[in-house]
Amino acid sequence: MKPTIIAANWKMHKTLQEGLELAQELIIYLTTHPLSHIQVILFPSFIHLEAIQELLSPHLKLYLGAQNCHDQLSGAFTGEVSAAMLASVKVSYVLVGHSERRQYCGESHAQIAKKIEAALQYNMQPIFCCGEPWEVRARNQHHDYIAQQIKDSLFDLSPEKINRIMIAYEPVWAIGTGKTPDASDIAGMQALIRDILARHYDASVADGVILLYGGSCNASNIQDFVGIAGINGVLVGNASLYMKDFLPILNALPKD
Ligand code: PGA
């Protein structure tokens, strides 16, 4: 059975010391309580990556991802971080197209597609985030909206490459708000995403893709999300910032 993925997006939180402290606490917990049914991926800020990497060891099911990478491989892009730089500190995953980057940094579908290519080129697994804003949901156009996001950023990928990405469905209105879609809604969305992939690629791509749900996940609702057939894990923001909130999420997951 595939492990359930718990991806922890720390966003722009934590100094180096605070981040190391949290990572250390988690490592101690996972060393004394191995959770073979779960794979935890931490997405701290860039400044944490190298120091946290040094704390990891292969027997822990704890992995490291970056929250973003640039779409160009190198060049005069002040303040940016390339896929090659991330690979050089042994990052395994990269979030791409998070709604906060689309909203505040104006990331386009074309840039997102290039970021995915850049991450894949350096053997990191991109987690492509998609999700509709509230106005779209209110008009009941969220299925078309997600279909378009997927088409615009993923459809140029070869079948070999699409097999190497994960997709996180994160409705924008659910992020950081305490609101979440119904389980049946998320089930419908995962079926839609797999259907879109099956039509453009084939059924094995559609069945094999790892799909996460994100948006206001916590210990009280996590079981509802991971219990949905076809949902392979969650992307957690706020509730991943402190052990008092994060551990109950890990412990709420069914063990078989
Ligand atoms: P949240 O964030 O859990 O705080 O809603 C999720 C995300 O943005 O990935």
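A few remarks follow.
- In the set GLN121, GLN103, only one residue is within 15 Å of the ligand (Cβ to nearest atom), touching a residue at least 40 places away in the same chain (Cβ under 8 Å) and more than 20 Å from VAL234 (Cα to Cα); that residue is GLN103.
- Tabulated pairs, the stretch 64-81, first of a type in the set (Ser, Thr, Tyr), second open to solvent by less than 30 Å² (accessible area, probe 1.4 Å), C-beta under 8 angstrom, 6+ apart or interchain: SER74/SER82
- Restricting ALA219, ALA239, ALA203 to residues that are modelled with pLDDT of 95 or more and in contact with a Cys (Cβ under 8 Å, 6 or more places away or on another chain) narrows the list to ALA239.
- Selection status of ILE52, open to solvent by 80 Å² or more (accessible area, probe 1.4 Å), aliphatic (A, V, I, L, M) and within 24 Å of VAL96 (Cα to Cα): no
- Taking the conditions (1) under 23 Å from LEU247 (Cα atoms); (2) open to solvent by 10 Å² or more (accessible area, probe 1.4 Å); (3) not aliphatic (A, V, I, L, M); (4) not in a loop (DSSP other than H, G, I, E, B) in turn, GLY65 satisfies each one other than (2).
- Residue check: LYS90 meets all listed conditions (1) among the basic types (Lys, Arg); (2) over 22 Å from ILE116 (Cα atoms); (3) away from the ligand (no atom under 16 Å from the Cβ) but one, namely (2).
- Of all residues in the stretch 207-225, those that are open to solvent by less than 30 Å² (accessible area, probe 1.4 Å) and away from the ligand (no atom under 16 Å from the Cβ) total 1.
- Pairs with Cβ under 8 Å, 6+ apart, first in the stretch 135-148 and within 15 Å of VAL172 (Cβ to Cβ), second open to solvent by 70 Å² or more (accessible area, probe 1.4 Å): VAL136/TYR145
- Which listed residue, of ALA7, ALA23, is at pLDDT 95 or above, more than 16 Å from the ligand (Cβ to nearest atom) and buried (at least 21 other Cβ atoms within 10 Å of the Cβ): ALA23
- In the stretch 126-138, the condition of being away from the ligand (no atom under 16 Å from the Cβ) and of a type in the set (Asp, Glu) is met by at least one residue.
- Complete set of residues in the stretch 26-62 that are at pLDDT 95 or above, closer than 30 Å to MET1 by Cβ and assigned to a loop (DSSP other than H, G, I, E, B): PRO44, LEU55, LEU56
- Residue within the stretch 198-206 that is free of Cβ contacts under 8 Å to residues at least 60 places away in the same chain, in a loop (DSSP other than H, G, I, E, B), open to solvent by 20 Å² or more (accessible area, probe 1.4 Å) and within 16 Å of the ligand (Cβ to nearest atom) present: no
- The residue that is farthest from GLU170 (Cα to Cα), among those in the stretch 226-245 that are within 11 Å of the ligand (Cβ to nearest atom) and not in a loop (DSSP other than H, G, I, E, B), is ASP245.
The values are calculated or read from the model by the stated rules, or taken from the named source; none is laboratory data. Computed from a predicted model, the values in this text were never measured in an experiment. Methodologically, a virtual Cβ is constructed for each residue, glycine included, from the backbone with ideal geometry; neighbour enumeration extends over all protein chains shown. We work out accessible area using only protein heavy atoms, side chains counted, and drop any ligands, DNA or RNA first. Shrake-Rupley method; radii C 1.70, N 1.55, O 1.52, S 1.80 Å.
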